[in-house]
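Have a look at the structure below before the remarks.
Computed from the coordinates by the stated procedures, all read-outs in this text should not be read as laboratory data. Just so it is clear, the structure is predicted and the values come from calculations on it, not from any experiment. Glycine also receives a Cβ, built like all others from the backbone with ideal geometry; neighbour counts cover every protein chain displayed.
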Amino acid sequence: MGYRQTGRHMGIYSHYLDQQLDFQQVSTERKKQLKRISEIRGGRDVLVFAADLNKAQAPISISYADLLPISDQLANLKGEALDLILETPGGSGEAAEDIVRLLRGKYESIAVIVPGWAKSAGTIMVMAGDEILMEPASALGPIDAQISWQGKVFSADALLEGLEKIKEEVATTGVLNKAYIPILQGLSPGELQSAENALKFARQLVTDWLAQFKFKNWATHSSTGHPVTDDEKKTRAEEVAKQLCDHRHWLTHGRSVKLTDLRQMRLQISDYSEQPDLADAVRKYHTLLQMTFATTTIYKVFETPGSQIIRLLGPTAPPPTPPGVAGDIAIVEAKCGKCGTVSKVQANIGKKHPLQQGCLPFPKDNKLRCPNCGAEADLTDLRRQIEAQAKKSVVA
């Protein structure tokens, strides 16, 4: 951690850097801030789903593989309302849909806090919140669906728009420009239909979720005081979804959609920077999260104030210690450096516990053998870190 960051985290980041915190201390402090957020928010459950946007070489996108650790962390939460802290570059819209369904299966009330970036499919997830909390530095992104074509990733909207321009040119001139022939030869009807379906899918998800969740308590028009009908909620939701999907407006998929942009769409966003205590807790947590990412091979974090699962890069096993040890069990994910298989490893702390479904027992000799290819990883340092944090022995 030999550098300093400018901008909104300057004071907080400098403060933590000056303390020269080790990994365990950073983890403990992160948990402390999550507990603060829960307390400030009236005791709501808090769940973090975060990826390191700077580790592009890692599988940081939203995927179906995220469902299991999210489900695991939800099992540790017992409240009736959830605050989801989300940091993601995006990924699979279908996986995002299933994650939202998983969350909605447990909670009637969900708020989404975006301290940094929640782009693309992450933005789709944000639109499923009853409340959206951002600050001026936070950013969502356009949800124009991305498709892979001829080895490259394109905006589905841009591709279809380009084809429409070709059609218009041919209709006007009666001649097909020869430059278009290689492009058209590389397109199949199935690919065109896939692009159209991807656009419709993203727009429909946002429309449905806004109308069902974000607008569910929208009872009267602020301008007239008249009651809001279900049709009016759907119409407003369709307008927001259309603007978020409009590639012609945003021009690039990586464009940032800020708090002011969303308010211009007449979407109510809570600016948590106007709540000093909450802003302090969220910013401190986000800074500590970025410090964790910057100084380890961790690329994804799924955590609550009292539990966590992490994903890491590396040739063999996780670097020392999961971020915090909750209760009498610590569960970490270890990715095999040889075949890529991800294993959940359960460490029993102080006494034996039944093995949780889908977990491997922490090996007595600290040598984890991949169940798929048999490659071996040394977990000695991980055992030491868990025992140092828990102040109890790992019992095999």
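Data for the structure
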| read-out | value |
| --- | --- |
| Net charge contributed by nearby residues that have their C-beta within less than 9 Å of GLN268 (K/R +1, D/E -1) | +2 |
| Virtual spin-label span in nm between LYS338 and THR220, 7 Å along Cα→Cβ | 6.9 nm |
| Lysines with Cα under 17 Å of LYS167, excluding same-chain neighbours fewer than 8 positions away | LYS178 |
| Of LYS216/LYS344; LYS338/LYS364; LYS284/LYS352; LYS214/LYS300, those spanning more than 30 Å from alpha-carbon to alpha-carbon | LYS216/LYS344; LYS284/LYS352 |
| Inter-site label distance for GLN268 and LYS106 at 7 Å from Cα along Cβ, in nm | 2.6 nm |
| Separation between Cα centres of segment 355-385 and segment 11-85, rounded to whole Å | 24 Å |
| ³J(HN,Hα), Karplus 6.51/-1.76/1.60, whole Hz, each residue of segment 234-239, x for Gly, Pro | 5, 4, 4, 4, 5, 5 |
| Estimated FRET transfer efficiency (GLN356, LYS55; beta-carbon r; R0 30 Å; 0.05) | 0.60 |
